[in-house]
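A short worksheet on the structure shown next.
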Amino acid sequence: MKYTEDHEWLRAEGDIVVVGITEHAAEQLGDVVFVELPEVETQVTKGDDAVVIESVKAASDIVAPVDGEIVEVNDDLADNPGLVNEDPTGKAWFFKIKVADMSQLDEYMSEDEYQDMIS
Amino acid sequence: MPMADLSRTPLYDLHLARGGKMVPFAGYEMPVQYAPGVMKEHLWTREHAGLFDVSHMGQVILRAKSGSVDDAADALETLVPVSIAALKEGRQRYALFTNDTGGILDDLMVARKNDHLLLVVNAACKTQDIAHLQANLSDTCEITPVTDRALIALQGPEAETALSRLVPGAAEMRFMDATDLAWNGTTLWVTRSGYTGEDGYEISVPEPLAVAFTEALLAMDEVEPIGLGARDSLRLEAGLCLYGNDIDTTTTPVEAALEWAIQKARREGERAGGFPGADVILGQFANGAPRRRVGLLPEGRAPMRDGTGLFAGDRKVGHVTSGAYGPSIERPMSMGYVDIEFAETGTKLEGEVRGKRMPVTVADMPFRPSTYKR
């Protein structure tokens with residue numbers, strides 16, 4: 001698992017990267033009440049806004065961490081946005097990106113480095 | 001603002017000990033939430049009893065130099081479009097300070113005690129409110145800010161059960177009563193009111209006993225501490241205005257749909273007018289206002305927050321002033337101002353959220369029926 005400074009976690013599965021937010025991020029957001037997911041087959045560039053999360057406090061954006069194509073989104077979050085608080089690193093993944101160049105993940109933090117950043 | 005410049009209420013240490021997440025609010029460090037979070041705290045208040053520290057709000061005693069509370073009422077009527085003269089001893093009423101253009105300087109509660117009026121004003125406005133009272137009423141009245149008492153709100157269906165364990169007289173009160181009750185050798189100033197749409201109380205406690213009193217309530221199974229986050233979603237479900245968002249110096253009481261706060265005695269007859277902006281406000285009573293504050297229910301789950309533009313086709317017809325998710329109604333809700341021809345309940349509009357137009361319907365407020373004990 002890799003981590004971004006924006007508190008996203010990235011899990012590589014072959015040439016697919018699964019993206020979600022960390023427990024720390026979910027805690028900071030508070031109760032999530034709405035998740036807007038991207039369309040499948042969207043081409044994204046690293047840094048593009050991909051997901052909008054609305055919590056009881058505010059709206060936040062989740063950016064695409066790598067270049068690629070959105071190949072699957074987690075439709076469960078539309079009906080049950082609270083999953084983001086219940087299981088942020090498991091059931092509440094946001095989308096899967098098909099990545100041309102997996103070396104894009106190299107710049108991101110390891111779990112230890114991420115824990116250092118938030119502590 | 002650096003936290004070092006912020007004031008603290010007498011319950012600051014208690015908030016920290018209870019895991020309150022402190023944020024700057026109106027010049028104070030206040031708990032925005034505790035460990036359970038906004039959603040659970042909101043629902044707890046609706047089902048049991050929520051305890052809120054509202055000590056940052058301004059408590060002000062207004063006493064006529066003549067000693068007559070009637071004179072204090074007459075004096076205050078020159079600043080608010082509300083009938084204070086007719087307010088009976090032991091009763092409380094919602095009021096508004098208006099300005100010369102009919103805008104709202106602040107909203108407040110006024111209680112009539114045996115020999116004075118007790119005002120509770122918003123934290124962010126209290127310095128200017130006190131200056132406003134002094135500038136206009138100091139010839140005839142003494143204006144005394146109360147700086148040695150905490151103010152606690154206890155709200156929810158189990159508030160009566162909880163508070164009357166400490167002060168049995170609380171159970172005898174009805175909505176908008178204001179009474180002094182004895183507790184532990186001191187006097188509590190109690191009103192049966194609040195800002196959540198629930199039955200409940202606001203209790204003014206002398207500072208030395210504020211922590212003990214609060215701890216005595218929090219020790220009860222019915223009572224949990226609640227932060228500002230849930231206070232905001234509770235008041236919005238109840239259709240109540242937040243000063244600075246939903247009402248301010250650019251909104252009149254008529255535009256803000258607060259006509260109910262202006263009793264007939266201030267509109268007609270010998271006590272009519274005589275408050276700042278009376279010509280504008282009474283003119284709008286007679287002829288209508290160009291826009292109106294309304295409830296708004298967005299379709300779908302995306303909240304429409306303050307600043308969201310409202311459209312009818314290509315025409316911009318208003319904007320949202322407060323918006324959030326309503327935990328009890330289980331859907332997003334907003335309030336805002338729309339041009340008067342779009343203010344009717346059921347009118348379909350669109351709100352622009354992140355560049356996209358989303359359907360929203362003008363709706364009656366409160367979004368959730370209030371449960372005051374009248």
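What to note about this one:
- B:Gly346 being free of Cβ contacts under 8 Å to residues at least 40 places away in the same chain, on the phi > 0 side of the Ramachandran plot and over 28 Å from the mean Cα position of the chain (by Cα): no
- Check on B:Ala256, part of a loop (DSSP other than H, G, I, E, B) and hydrophobic (A, V, I, L, M, F, W, C): yes
- Checking B:Thr345 against (1) within 13 Å of another protein chain (Cβ to nearest Cβ); (2) assigned to a loop (DSSP other than H, G, I, E, B); (3) more than 24 Å from A:Pro38 (Cα to Cα), the condition it does not meet: (1)
- Residues located in segment A:27-81, provided they are under 14 Å from the mean Cα position of the chain (by Cα), away from every other protein chain (no Cβ under 13 Å) and of a type in the set (S, T, N, Q): A:Asn74
- Scanning segment B:240-253 for residues that are assigned to a loop (DSSP other than H, G, I, E, B) and over 11 Å from B:Gly336 (Cα atoms) turns up B:Leu240, B:Leu242, B:Gly244, B:Asp248, B:Thr249, B:Thr250, B:Thr251, B:Thr252, B:Pro253.
- A:Asp15 fulfils the conditions (1) surrounded by fewer than 16 Cβ atoms within 10 Å (Cβ to Cβ); (2) touching a residue at least 60 places away in the same chain (Cβ under 8 Å); (3) under 16 Å from A:Tyr114 (Cβ atoms) except for a single criterion, (3).
- Every residue from segment B:290-328 that is among the aliphatic types (A, V, I, L, M), at pLDDT 95 or above and either touching a Pro at 6+ places or on another chain (Cβ under 9 Å) or closer than 23 Å to A:Ser60 by Cα (or both): B:Leu296, B:Leu297, B:Met304, B:Leu310, B:Val320, B:Ala324
- Qualifying residue in segment B:355-363 (condition: modelled with pLDDT of 95 or more, away from chain A (no Cβ under 14 Å), under 22 Å from B:Glu237 (Cβ atoms) and in a loop (DSSP other than H, G, I, E, B)): no
- Count of segment B:72-119 residues which are in a loop (DSSP other than H, G, I, E, B), in contact (Cβ under 8 Å) with a residue 60 or more places away in the chain and of a type outside the set (Lys, Arg): 14
- Matching residues, segment B:17-36, being within 14 Å of another protein chain (Cβ to nearest Cβ) and surrounded by fewer than 22 Cβ atoms within 10 Å (Cβ to Cβ): B:Gly19, B:Lys21, B:Val23, B:Phe25, B:Val32, B:Tyr34, B:Ala35, B:Pro36
- The strands (runs of 3 or more DSSP E) located wholly in segment B:167-217 include none with 2 or more residues which are aliphatic (A, V, I, L, M), crowded, with 19+ Cβ neighbours inside 10 Å and at positive phi.
- Among residues of segment B:292-323, those that are on the phi > 0 side of the Ramachandran plot and either touching a strand residue (DSSP E or B) at 6+ places or on another chain (Cβ under 6 Å) or within 14 Å of chain A (Cβ to nearest Cβ) (or both), counted: 3
- Test: residue in segment B:136-156 that is in a helix (DSSP H, G or I) and over 30 Å from B:Asp100 (Cβ atoms): no
- Looking across segment B:324-333 at every residue that is among the hydrophobic types (A, V, I, L, M, F, W, C) and crowded, with 16+ Cβ neighbours inside 10 Å, the one that is nearest to the other protein chains (Cβ to nearest Cβ) is identified as B:Ala324.
The values are calculated or read from the model by the stated rules, or taken from the named source; none is laboratory data. Because the structure is predicted, anything quoted here is derived from the model rather than measured. All Cβ positions, even for glycine, are placed from backbone atoms using ideal geometry, and neighbour counts span all protein chains on display.
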